[in-house]
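A short write-up of the structure that comes next.
The values are calculated or read from the model by the stated rules, or taken from the named source; none is laboratory data. Note that the structure is a prediction, hence the values are computed from the model and not measured. Neighbour counts run over all protein chains shown; Cβ positions are idealised from the backbone, glycine included. Remember, those area values only see protein heavy atoms, side chains included, never the ligands or the DNA or RNA. Shrake-Rupley method; radii C 1.70, N 1.55, O 1.52, S 1.80 Å.
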Amino acid sequence: MTSLEDDNFHFSFSLVVLGESATGKSSLIACTLPESSADQKSEARSARADHGVRCKVHTYESRGARYQIHMWEVPGAPRYLDTAARYASMAAGLLLVFDLTRRDTFERVTLWLEAVEPTSPDLPRVLVGNKADGEAEVRPEEAIAVAQKFGCKYFETSATRNEQVPEAFSSLIARIVTLIPNPPEPSLLLRKRIQIGKALAENKSFRAALFDM
């Protein structure tokens, strides 16, 4: 992943990052790329817009295509459960984080997942047990069972050591990318909460293909 400094991308979508407070959500997002001026401006705008919800704008490249990704981090206080559902309803994917060293954060995973289920039952999602470098209070088989119940992949990460963090994000993004229809007709994309970027919209052959459908 690299920082996005312009609008030269092919597709754009959002990820929502959920979980209890102090589980390491910000640290996980920070692992994906260095802080940039674009990220700082985006974070300032989102904090003003929704009382603490923060956004980092990243890019991801795969097979010649560039993806603009808005990573929305929702605070972990219980009052944000409704906010989580609203952001999930606009996102293409969900990453849910708990702290392996604090069992109470794992026990509330189901609350976060159930909060977003009514608006986003088929949303691609990943469950992350963070702080794998600490003394775990949650057994892997417990987390895997929850992940399987809600159709998630499960990763144990350490944001401190940047272990398995790229794999968790890349797994979620790759799953979303597989949902892009071929050809990428805009109305079908919007159903997946994915938008066409300038680099693709200004492609004459692409526009001709859309017109001929």
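Annotations
- When T119 is tested against (1) modelled with pLDDT of 95 or more; (2) out of contact with any Asp or Glu (no Cβ under 9 Å at 6 or more places or on another chain); (3) more than 20 Å from T32 (Cα to Cα), only condition (1) is not met.
- Beta carbons closer than 7 Å, at least 6 apart along the sequence or on distinct chains, pair a first residue in the stretch 15-39 that is under 15 Å from E167 (Cα atoms) and aliphatic (A, V, I, L, M) with a second that is at pLDDT below 95 and in a loop (DSSP other than H, G, I, E, B) for L33/M1.
- For the stretch 57-100, a residue qualifies if it is outside any strand (DSSP E or B), closer than 18 Å to T178 by Cβ and open to solvent by less than 20 Å² (accessible area, probe 1.4 Å), and the qualifying residues are A91, A92.
- Any hit, the stretch 148-169, residues being at pLDDT 95 or above, closer than 22 Å to M90 by Cα and open to solvent by 40 Å² or more (accessible area, probe 1.4 Å): yes
- Test: residue in the stretch 110-131 that is without any contact (Cβ under 8 Å) to a residue 12 or more places away in the chain, under 14 Å from G19 (Cα atoms) and part of a helix (DSSP H, G or I): yes
- Output for the stretch 163-195, where each listed residue is touching a residue at least 60 places away in the same chain (Cβ under 8 Å), of a type in the set (D, E, K, R) and part of a loop (DSSP other than H, G, I, E, B): K192, R193
- Taking the conditions (1) open to solvent by 70 Å² or more (accessible area, probe 1.4 Å); (2) touching a strand residue (DSSP E or B) at 6+ places or on another chain (Cβ under 7 Å) in turn, E137 satisfies each one other than (2).
- Residue selected from the stretch 30-56 under the condition modelled with pLDDT of 90 or more and either among the acidic types (D, E) or out of contact with any Pro (no Cβ under 9 Å at 6 or more places or on another chain) (or both), by the criterion surrounded by the fewest Cβ atoms within 10 Å (Cβ to Cβ): A30
- Among the numbered conditions (1) in contact with an Asp or Glu (Cβ under 8 Å, 6 or more places away or on another chain); (2) open to solvent by less than 60 Å² (accessible area, probe 1.4 Å); (3) of a type outside the set (S, T, Y); (4) at pLDDT 95 or above, the only one that L210 does not meet is (4).
- Residue within the stretch 87-94 that is within 19 Å of S26 (Cα to Cα) and of a type outside the set (A, V, I, L, M) present: yes
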